[in-house]
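K.L.:
Before anything else, here's the structure in question.
The values are calculated or read from the model by the stated rules, or taken from the named source; none is laboratory data. If you're wondering where the values come from, they're calculated on a predicted model, not measured in any experiment. Every residue, glycine among them, receives a Cβ derived from its backbone with ideal geometry; neighbour counts consider all protein chains shown.
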């Protein structure tokens, strides 16, 4: 059994960003993509944003990207819009634009572990593994309990660096942090431990 990269954990990130975007437009804690900028979503764009989020959930990434582009053009300080746009662009393999959108988001919210994790995912897709590692490390520095960052760091060490000991450490931390069982990852960790013996 060989562990391969999959988009499950990007999907989890995306779902969390989606939920954050729907809950509120104030600057209070909205979960994953907290908007600390002075600009929130203009009320006239709320319906469009809900539609864009539905596009993301339905895996209609090109349509989501198009809709989110319009939203961030009218709301350039809306962090959640930029983050979800980066996710949609990543899903359509528009890596250059995904990097730019994620950079716009992190410029607005430089202390976001989730956005650092997203930047890491984008860098892995473009083959920039060392830069991805820096983003994942920064994400874990900002939030040591960000399960997806641990998972992504584990994959980086497992698949690309072949650093099994470090991969196991991050897989185990990920498993300890998630709220539900992940039998596939548990089985993979057990197999990696057997290989180390």
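K.L.:
Does the range 42-63 hold any residues that are outside any helix (DSSP H, G or I) and modelled with pLDDT of 90 or more, and which are they?
P.N.:
Correct list: 58, 59, 60.
K.L.:
Another question, if that's okay. Regarding residue 128, is this residue more than 22 Å from residue 56 (Cα to Cα), touching a helix residue (DSSP H, G or I) at 6+ places or on another chain (Cβ under 9 Å) and modelled with pLDDT of 95 or more?
P.N.:
Against the criterion (more than 22 Å from residue 56 (Cα to Cα), touching a helix residue (DSSP H, G or I) at 6+ places or on another chain (Cβ under 9 Å) and modelled with pLDDT of 95 or more), residue 128 qualifies.
K.L.:
Can you go through 105, 132 and tell me which one is assigned to a helix (DSSP H, G or I) and closer than 23 Å to residue 66 by Cβ?
P.N.:
105
K.L.:
Is one or more of the residues making up the range 173-187 assigned to a helix (DSSP H, G or I), over 23 Å from the mean Cα position of the chain (by Cα) and either at pLDDT below 95 or farther than 23 Å from residue 127 by Cβ (or both)?
P.N.:
There is at least one residue in the range 173-187 that is assigned to a helix (DSSP H, G or I), over 23 Å from the mean Cα position of the chain (by Cα) and either at pLDDT below 95 or farther than 23 Å from residue 127 by Cβ (or both).
K.L.:
Give just the number: which of (1) under 18 Å from residue 114 (Cβ atoms); (2) at pLDDT below 95; (3) crowded, with 20+ Cβ neighbours inside 10 Å does residue 36 not satisfy?
P.N.:
(3)
K.L.:
Quick one: residue 89 ticks every box in (1) more than 26 Å from residue 75 (Cβ to Cβ); (2) under 16 Å from the mean Cα position of the chain (by Cα); (3) touching a residue at least 12 places away in the same chain (Cβ under 8 Å) bar one, so which box is it?
P.N.:
Unmet for residue 89, out of (1) more than 26 Å from residue 75 (Cβ to Cβ); (2) under 16 Å from the mean Cα position of the chain (by Cα); (3) touching a residue at least 12 places away in the same chain (Cβ under 8 Å): (1).
K.L.:
To continue, here is another question. Filter the range 64-77 down to the residues that are part of a helix (DSSP H, G or I) and surrounded by fewer than 19 Cβ atoms within 10 Å (Cβ to Cβ) and list them by number.
P.N.:
Listed by number, the residues that qualify are 66, 69, 70, 73, 74.
K.L.:
Got at least one residue in the range 106-128 being surrounded by fewer than 20 Cβ atoms within 10 Å (Cβ to Cβ) and over 27 Å from residue 52 (Cβ atoms)?
P.N.:
yes
K.L.:
Keeping to the range 57-79, report how many residues are in contact with a helix residue (DSSP H, G or I) (Cβ under 9 Å, 6 or more places away or on another chain) and free of Cβ contacts under 8 Å to residues at least 12 places away in the same chain.
P.N.:
Summing the residues that are in contact with a helix residue (DSSP H, G or I) (Cβ under 9 Å, 6 or more places away or on another chain) and free of Cβ contacts under 8 Å to residues at least 12 places away in the same chain in the range 57-79 gives 4.
K.L.:
The conditions are (1) closer than 23 Å to residue 48 by Cα; (2) surrounded by fewer than 24 Cβ atoms within 10 Å (Cβ to Cβ), and residue 83 fails exactly one of them. Which is it?
P.N.:
Condition (2) is where residue 83 drops out.
K.L.:
Being assigned to a helix (DSSP H, G or I), touching a helix residue (DSSP H, G or I) at 6+ places or on another chain (Cβ under 9 Å), without any contact (Cβ under 8 Å) to a residue 40 or more places away in the chain and exposed (fewer than 15 other Cβ atoms within 10 Å of the Cβ) narrows it down to one of 169, 195, so name that one.
P.N.:
On the way: 169 fails: exposed (fewer than 15 other Cβ atoms within 10 Å of the Cβ).
Of 169, 195, the one residue that is assigned to a helix (DSSP H, G or I), touching a helix residue (DSSP H, G or I) at 6+ places or on another chain (Cβ under 9 Å), without any contact (Cβ under 8 Å) to a residue 40 or more places away in the chain and exposed (fewer than 15 other Cβ atoms within 10 Å of the Cβ) is 195.
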